[in-house]
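Enquirer: I have a structure I would like to understand better, so I am pasting it below and will then ask my questions one at a time.
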Amino acid sequence: MERLYNYLIEFGFSKEDVDRVVNNYALLRYNPDTLLNNIIRNNNYLLEVGFSKSQIRKMTKRLPQIYDISITNIEEKIAYLEELGFTKEQIIRMGVNFSAIFGCSIENINQKIESIIALGYSRKEVLKMINAFPALLSLSMENIRQKIDDIMNFGYSKEEILSMAKSYPSLLGLNSEYLKQKIEDLISLGYSKEEVIKMTRLLPALFYLSMENIKNKINFYREIGIEFIITEKTKNLMQSIDLSYARYQYFKNNNIEIVSYRPIFYGEKKFKKQYGVSNQELILMYPYQSREEEIKDAR
């Protein structure tokens, strides 16, 4: 057992992570020497494939059972994913983010792909969704269909839901009650249900932003007179409030007339080319935190 512990510590695992691995229910049936051989074998293979040590640690902390999977099984899974069209880099990223993919049978993956296609997607779209959200393979079709029905009950059409999930497939993994609450929270900010549906349809990522994040952006854009972007140009809400505030203050302090909201949301390359200053420099010059402190002091 000491050799096993020493190897894992040298590989970069913490003591807590070592305990999690060696006490995993699927690995308890191995004696320490056999388990050590399995771990060394799989680690060496994964390193050869292209995984880094930190990626292997991240995978095995999530799924220690990967040391119970044979090299042949992992090889076949990687070859199959490559046949589907995934690159080695994409497979490594999927493995890190959803380690259980190496435990899924090829038959089950095939069936899941076909079932999702049957919802109204092309094969290319489904593979893109899996690349973005590998855990999609772990959701039952019953769960996915129920989630679509639940979201339709909120007021979205099936076509809108499929489009949203195509861009943000993890939407299908969110709890229905959570989605309902987020819609109600957005309505409480003064928007109609129809506006909220439009906003989240244009930017499904709104479901992932904290309400504090959203409120700060809405309050600031109202303050500077461009509140319309919230319902009309919702994708701009993905830009950090720190950057929006810094750019606005830069214009204001340098007497640059703001004839359009667009420069506030320029890509970094375009902004720097036109104004000669980077995002990081702006954020350091005009920290949003200072505005928050001024507001608190004013109260």
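The values are calculated or read from the model by the stated rules, or taken from the named source; none is laboratory data. Keep in mind that what you see is a predicted model, and the values were worked out from it rather than measured. Here the Cβ positions follow ideal geometry from the backbone for every residue, glycine too, while neighbour counts run over all protein chains shown.
Enquirer: Here are L4, L27: which of them is over 28 Å from the mean Cα position of the chain (by Cα) and assigned to a loop (DSSP other than H, G, I, E, B)? Walk me through how you get there before you give the answer.
Expert: Numbers: L4 fails: assigned to a loop (DSSP other than H, G, I, E, B).
Sole residue among the options that is over 28 Å from the mean Cα position of the chain (by Cα) and assigned to a loop (DSSP other than H, G, I, E, B): L27.
Enquirer: Examine the stretch 262-269 for a residue that is assigned to a helix (DSSP H, G or I), of a type in the set (K, R), farther than 30 Å from Q146 by Cβ and in contact (Cβ under 8 Å) with a residue 24 or more places away in the chain, and state whether such a residue exists. Write out each step before concluding.
Expert: Keep residues of the stretch 262-269 that are assigned to a helix (DSSP H, G or I), which gives 262-265, 268-269.
This time we only want the ones that are of a type in the set (K, R), so: 262, 269.
Going one step further and asking which of them are farther than 30 Å from Q146 by Cβ, we end up with 262, 269.
Now narrow it down to the ones that are in contact (Cβ under 8 Å) with a residue 24 or more places away in the chain: none.
Within the stretch 262-269, not a single residue is assigned to a helix (DSSP H, G or I), of a type in the set (K, R), farther than 30 Å from Q146 by Cβ and in contact (Cβ under 8 Å) with a residue 24 or more places away in the chain.
Enquirer: Quick one: in the stretch 122-148, of everything that is more than 23 Å from R93 (Cα to Cα) and not hydrophobic (A, V, I, L, M, F, W, C), which residue is surrounded by the fewest Cβ atoms within 10 Å (Cβ to Cβ)?
Expert: Filtering the stretch 122-148 for residues that are more than 23 Å from R93 (Cα to Cα) and not hydrophobic (A, V, I, L, M, F, W, C), the one surrounded by the fewest Cβ atoms within 10 Å (Cβ to Cβ) comes out as E142.
Enquirer: Pairs needed: first member in the stretch 91-117, in a helix (DSSP H, G or I); second member anywhere, among the polar types (S, T, N, Q); C-beta distance under 7 Å; at least 6 residues apart or different chains.
Expert: I92/Q55; M94/N131; V96/Q55; A100/S138; G103/Q65
Enquirer: Select from the stretch 84-103 the residues that are more than 21 Å from the chain's Cα centre (by Cα) and closer than 19 Å to Y45 by Cβ and list them in ascending order.
Expert: Of the residues in the stretch 84-103, the ones more than 21 Å from the chain's Cα centre (by Cα) are 84-85, 103.
Listed by number, the list holds a single entry, G103.
Enquirer: Moving to a separate point now. If you go through the stretch 55-78 one residue at a time, how many are modelled with pLDDT of 95 or more and surrounded by fewer than 13 Cβ atoms within 10 Å (Cβ to Cβ)?
Expert: 0
Enquirer: So which of N175, N219 is surrounded by 13 or more Cβ atoms within 10 Å (Cβ to Cβ) and at negative phi? I'd like the intermediate steps shown before the answer.
Expert: Numbers: N175 fails: surrounded by 13 or more Cβ atoms within 10 Å (Cβ to Cβ).
Result: N219 is the single residue among N175, N219 that is surrounded by 13 or more Cβ atoms within 10 Å (Cβ to Cβ) and at negative phi.
Per-residue answers, yes or no, for (1) under 30 Å from S138 (Cβ atoms); (2) surrounded by 15 or more Cβ atoms within 10 Å (Cβ to Cβ); (3) touching a helix residue (DSSP H, G or I) at 6+ places or on another chain (Cβ under 8 Å); (4) at pLDDT 95 or above:
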{"site": "I183", "(1), (2), (3), (4)": "yes, yes, yes, yes"}
{"site": "L189", "(1), (2), (3), (4)": "no, no, yes, no"}
{"site": "L202", "(1), (2), (3), (4)": "yes, yes, yes, no"}
{"site": "I229", "(1), (2), (3), (4)": "no, yes, yes, no"}
{"site": "D242", "(1), (2), (3), (4)": "no, yes, yes, yes"}
{"site": "I264", "(1), (2), (3), (4)": "no, yes, yes, yes"}
{"site": "K270", "(1), (2), (3), (4)": "no, no, no, yes"}
{"site": "V277", "(1), (2), (3), (4)": "no, yes, yes, yes"}
{"site": "Q280", "(1), (2), (3), (4)": "no, no, no, yes"}
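Enquirer: Are any residues in the stretch 162-215 in a loop (DSSP other than H, G, I, E, B), more than 19 Å from N236 (Cα to Cα) and polar (S, T, N, Q), and if so, which ones?
Expert: N175, S188, S192
Enquirer: Would you be able to tell me the number of residues in the stretch 221-243 that are of a type outside the set (D, E), part of a helix (DSSP H, G or I) and closer than 16 Å to L206 by Cβ?
Expert: Here the count works out to 10.
Each row is one residue, and each column tells you yes or no for (1) within 29 Å of S176 (Cβ to Cβ); (2) free of Cβ contacts under 8 Å to residues at least 12 places away in the same chain.
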position	(1), (2)
S188	yes, yes
S192	yes, yes
V196	yes, no
E212	yes, yes
T234	yes, no
L243	no, no
V259	no, yes
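Enquirer: With respect to G155, is the statement that it is free of Cβ contacts under 8 Å to residues at least 12 places away in the same chain and on the phi > 0 side of the Ramachandran plot true? Before the answer, list the steps.
Expert: Numbers: free of Cβ contacts under 8 Å to residues at least 12 places away in the same chain: no; on the phi > 0 side of the Ramachandran plot: yes.
No, not satisfied.
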